[in-house]
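The values are calculated or read from the model by the stated rules, or taken from the named source; none is laboratory data. All figures in this text were calculated on a predicted structure; none of them were measured in a lab. Every residue, glycine among them, receives a Cβ derived from its backbone with ideal geometry; neighbour counts consider all protein chains shown.
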Amino acid sequence: MHCPFCQHVDTKVIDSRASEDGATIRRRRECEACGERFSTLETVELKLPAIIKGDGRRENFDARKLRLSMERALHKRPVSEEQLEAAIRSVVHQVRMSGERELPSRRIGDFVMAEMRKLDHVGYVRFASVYRAFEDVADFREEIEMLERDLPGEGQLPLLGADVVPFDKNVDRNKKQR
């Protein structure tokens, strides 16, 4: 490691500490020439697969895009930063463990959907509406009904309360009920 102060080619490690999650190592170093001290962070660099978009384009996997889409779906929802981080790590881990050099974006979307479903049902439906390109209210209702069938009583509030009247597109909501 070159010294950032004098560019000397040799530095010695004084102290090393692993981060809490074990993903990085912080090293305190000292230059043998000028005596200056500085810190470095070491992380494992693994090549993640390229992503094949729906239109055939290929992109590098970008965890920032993943975070942004999940944050957008979870906006103003009771999900902690730690829970979100764990979900993102899980998706990245699944991508990494796929062993593929290229993955279709749909497969990554499926990984995200599974994590969103565990995190927050409302966030899940929000994400699903974009991911599956919902076109009308019936698409939302269908997804919600499927979610409620598959995940009864997992500690989250129901998506639709018992007092909610089922949507019927044939009923004129502007007419007063008698």
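Every listed requirement among (1) at pLDDT 90 or above; (2) part of a helix (DSSP H, G or I) is met by Arg117 save one, (1).
If you go through the stretch 127-144 one residue at a time, do you hit one that is exposed (fewer than 13 other Cβ atoms within 10 Å of the Cβ), of a type outside the set (D, E, K, R) and at pLDDT 90 or above? No, the stretch 127-144 contains no residue that is exposed (fewer than 13 other Cβ atoms within 10 Å of the Cβ), of a type outside the set (D, E, K, R) and at pLDDT 90 or above. Quick one: would you say Gly35 is at pLDDT below 90 and out of contact with any Phe, Trp or Tyr (no Cβ under 7 Å at 6 or more places or on another chain)? It is false that Gly35 is at pLDDT below 90 and out of contact with any Phe, Trp or Tyr (no Cβ under 7 Å at 6 or more places or on another chain).
Based on what the data block shows, is Glu100 closer than 30 Å to Arg57 by Cβ, at pLDDT 80 or above and part of a loop (DSSP other than H, G, I, E, B)? In short, yes. Scanning the stretch 60-93 for residues that are farther than 16 Å from Tyr124 by Cβ and over 10 Å from the mean Cα position of the chain (by Cα) yields Asn60, Phe61, Asp62, Ser80, Glu81, Glu82, His93. All but one of (1) part of a helix (DSSP H, G or I); (2) touching a helix residue (DSSP H, G or I) at 6+ places or on another chain (Cβ under 8 Å) hold for Leu68, so report the exception by its number. Single failed check for Leu68: (2). The sole residue among Arg17, Arg57, Arg27, Arg64 that is basic (Lys, Arg) and in contact (Cβ under 8 Å) with a residue 12 or more places away in the chain is Arg27.
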